[in-house]
Amino acid sequence: MKHGKEFLWVLLPFAIGLSGFSFIPLPILSQIVIVPFWIWVGNRFAGLNMSKIQSLAFGNSVWGICFLIFIWQYLLESDPHRLKVLEVISLSYISPFYVMTRTLPPIGYFSSFEPTPALIVHTLVAYLLMFIIFTLGYIWGKFRRRTASVG
C-alpha cells in the first residue's frame, strides 16, 4: 500500500477509543493529545502527492465510514435491529473527540448505548469537531507548503 503509514495515522483515534473503554483516564488524556495530533495528520495529508479532493477523502475515509455507521445504527435502525459491534465501532472512533463535547449538557461517557437525544447530539458534535480539526490541519499544511514554495 503506497500510503500505508498515513492510513495507520487515520486509524489511531479508533485504537485510542477502543482502549478508552478499558482505561477511564485515557479519554481525558487523549483529548489533550489527539487535537494536536489530528491537526498534524491533516497537515501531513496536505503534503501527499494527490489532488486536494483525493487527499481529503483519503484522510477522512475511516471518519466517513464510522459516521455512516453511526447514522445507520442510531438514526435509521430501531433498537432491536441495531448491531452492538457496529455501535461500538462508530462510537469508539470519535471517543477522544467526544470528551470535548462535555460543554454540552452532561451525559455519562458512553455509560449507555441507548440512543438518547443527548448521546446523539454529543456524538454528532464530536464527529463535526473531528472533521473540522482535520480540515484545519489540512488547510494549515497547504498554506505552509504554499508559502514555503513562494519564499
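The values are calculated or read from the model by the stated rules, or taken from the named source; none is laboratory data. Note that this is a predicted model, so its numbers are computed, not measured. Counting neighbours? That spans all protein chains shown, and the Cβs are built from the backbone with ideal geometry, glycine included.
When you look at Val33, is it modelled with pLDDT under 85 and under 21 Å from Leu128 (Cα atoms), yes or no?
Yes.
Quick one: what pairs do we get from segment 124-149, first residue at negative phi, second outside any helix (DSSP H, G or I) and of a type in the set (A, V, I, L, M), C-beta under 8 Å, 6+ apart or different chains?
Val125/Leu104
What about Gly64, is it at pLDDT 95 or above, small (Gly, Ala, Ser) and closer than 24 Å to Val88 by Cα?
yes
Answer yes or no as to whether Pro105 is surrounded by fewer than 15 Cβ atoms within 10 Å (Cβ to Cβ) and at pLDDT below 85.
The answer is yes for Pro105.
Using the structure shown, decide if Ile89 is surrounded by 13 or more Cβ atoms within 10 Å (Cβ to Cβ), among the aliphatic types (A, V, I, L, M), assigned to a helix (DSSP H, G or I) and at pLDDT 90 or above.
no
Got at least one residue in segment 79-86 being at pLDDT 85 or above, in a helix (DSSP H, G or I), under 16 Å from the mean Cα position of the chain (by Cα) and under 28 Å from His3 (Cα atoms)?
Yes: segment 79-86 contains one or more residues that are at pLDDT 85 or above, in a helix (DSSP H, G or I), under 16 Å from the mean Cα position of the chain (by Cα) and under 28 Å from His3 (Cα atoms).
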